[in-house]
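For reference, the structure is listed below as structure tokens.
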Amino acid sequence: MRSLREPFDRARPDFPAGTPFWLDRSFDSLMRGFPWLAGVRSHLSSEYEGRAQIYDVQSSYKDHVYDQFFYALIRTLKPATCIELGVFQGFSLLACAAALRDNDFGRVEGVDLFEAYPHRRECMANVRRRIESTGLERWAGVVAADALGRHEGREADYLHVDLSNDGDIYRHVFAHWAARVKGVIVLEGGSAARDRVEWMVAHGRAPIVPCIKEIREAYPEWSIAVLEPYPSITVATRRPVQASPGAR
Ligand SMILES: C[S@@+](CC[C@H](N)C(=O)[O-])C[C@H]1O[C@@H](n2cnc3c(N)ncnc32)[C@H](O)[C@@H]1O
């Protein structure tokens, strides 16, 4: 079976699994283009409490230690209401919850089909047990539901979308969440190599790269950058409002 990360390794043989994402030039571009996220740097390489346990679960995010990104982003933005669509075994959810604990503020709700997902799936009870065994129940909870309808009646400061994403999911997320998210939307995927992974091509899934271009044009109030290392991550934040000269 071909590795899911094969298109990434072909494009960047100098960036194997195990290399921290922040050593890639796309991280420097993110830091340059989004100065309001500068605090992220100071929280990287943090051996936060419970990290070793979080690494017991499976996740493609582990290859380039993206838990450090979720952790650092939450530590920097200090969001109150966080939503994660697509939990699987809980890797990114637990990293987010650990940061909320260290902020002493906020809560994350994870939404997944769990047992009802027709492909590789996880039981909700297992994720609940992991939340409890890491002592994060105050900061995180999970619900079994279809994530694509979860926007109804909701608002969030931080939204993370990881639903085996494709371009159609990106379009759906911006159409339903752009007006409901106050801070940041983080979506798995976004690099050219991610559009070439085997299941995207085999199932004719809508590529994400052209869709990001469309979203940039349709939602100019959002700044969007992509972290390239596998599986890649799209980071969208609301552009801070510029004070007009003379405004108080
Ligand atoms: C790639 S995994 C999430 C990985 C996880 N965020 C991590 O850190 O490793 C994708 C998850 O999305 C869930 N999923 C896919 N479509 C969904 C939908 N429409 N509603 C809810 N969950 C969905 C699947 O059950 C699966 O657990």
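Derivation of every value follows stated rules applied to the coordinates shown; laboratory data play no part. Computed from a prediction, not measured in an experiment: that's the story for all the values here. As a convention, Cβ positions derive from the backbone with ideal geometry for all residues, glycine included, and neighbour counts pool all protein chains shown.
Let me have the relative contact order for region 40-96, percent, based on Cα pairs under 8 Å that are six or more residues apart.
Values: 47 pairs, mean separation 28.1, N = 57.
Taking the mean separation of contacting Cα pairs over the length of region 40-96, I get 49 percent.
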Problem set entry | Neighbour cut-off at most 15 other Cβ (10 Å), DSSP loop, GluC sites (Glu not before Pro), region 1-105 | E47, E49
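Whole number please: convex hull volume per residue of the Cα set in region 132-221, in Å³? Can you show the working numbers first?
Numbers: hull volume 12.2 nm³, N = 90.
It comes to 136 Å³ per residue, whole-number rounded.
Pop out the Kirkwood hydrodynamic radius of region 93-248 from its pairwise C-alpha distances, inverse of mean 1/r, in Å to one decimal.
On the way: mean 1/r = 0.0583 Å⁻¹.
It works out to 17.1 Å.
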Problem set entry | Proximal lysines relative to K213, as straight alpha-carbon distance under 22 Å, when same-chain residues fewer than 8 apart are discounted | K182
Seminar exercise, completed: Under a Gaussian network model of the chain whose springs join Cα atoms within less than 10 Å, the largest fluctuation of P231, P210, P118 belongs to P118
For this session: Would you calculate the separation in nanometres between label points at A192 and K78, each defined as 7 Å from the Cα along the Cα-to-beta-carbon direction?
Result: 4.1 nm
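Restricting to Cα pairs below 8 Å that are 6+ residues apart, what does the relative contact order work out to for the chain? Please round to a whole percent. Show your work: numbers first, answer last.
Numbers: 410 pairs, mean separation 47.1, N = 248.
The normalised contact order for the chain reaches 19 percent.
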Problem set entry | Potential extension, N126-S164 segment - 0.36 nm per residue separation minus Cα distance | 11.6 nm
Problem set entry | N103 paired with Q58, simple spin-label distance in nm, labels 7 Å along Cα-to-beta-carbon | 3.1 nm
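What is the order of I224, I131, fewest Cβ neighbours within 10 Å to most?
Details: I224 19, I131 22.
In increasing order of surrounding Cβ atoms, one gets I224, I131.
Loop only by DSSP, 12 or fewer other Cβ within 10 Å of the Cβ. Give me the trypsin sites (Lys or Arg not before Pro) in region 133-180 that pass, ordered by residue number. Intermediate values should be presented prior to the final figure.
Working: sites: R138, R150, R154, R171, R180; in loops: R138, R150, R154, R180.
Taking region 133-180 and a limit of 12 other Cβ atoms within 10 Å, the loop trypsin sites (Lys or Arg not before Pro) found are R138.
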Seminar exercise, completed: DSSP beta bridges in the chain: the antiparallel percent, rounded to 5, is 35 percent
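About its Cα centre, what dipole magnitude does the chain give when the only charges are +1 on Lys and Arg Cβ and -1 on Asp and Glu Cβ, stated in debye to the nearest 20? Don't skip to the answer; put the middle values down first.
Numbers: 32 positive and 33 negative charges, 104 e Å.
My answer is approximately 500 debye.
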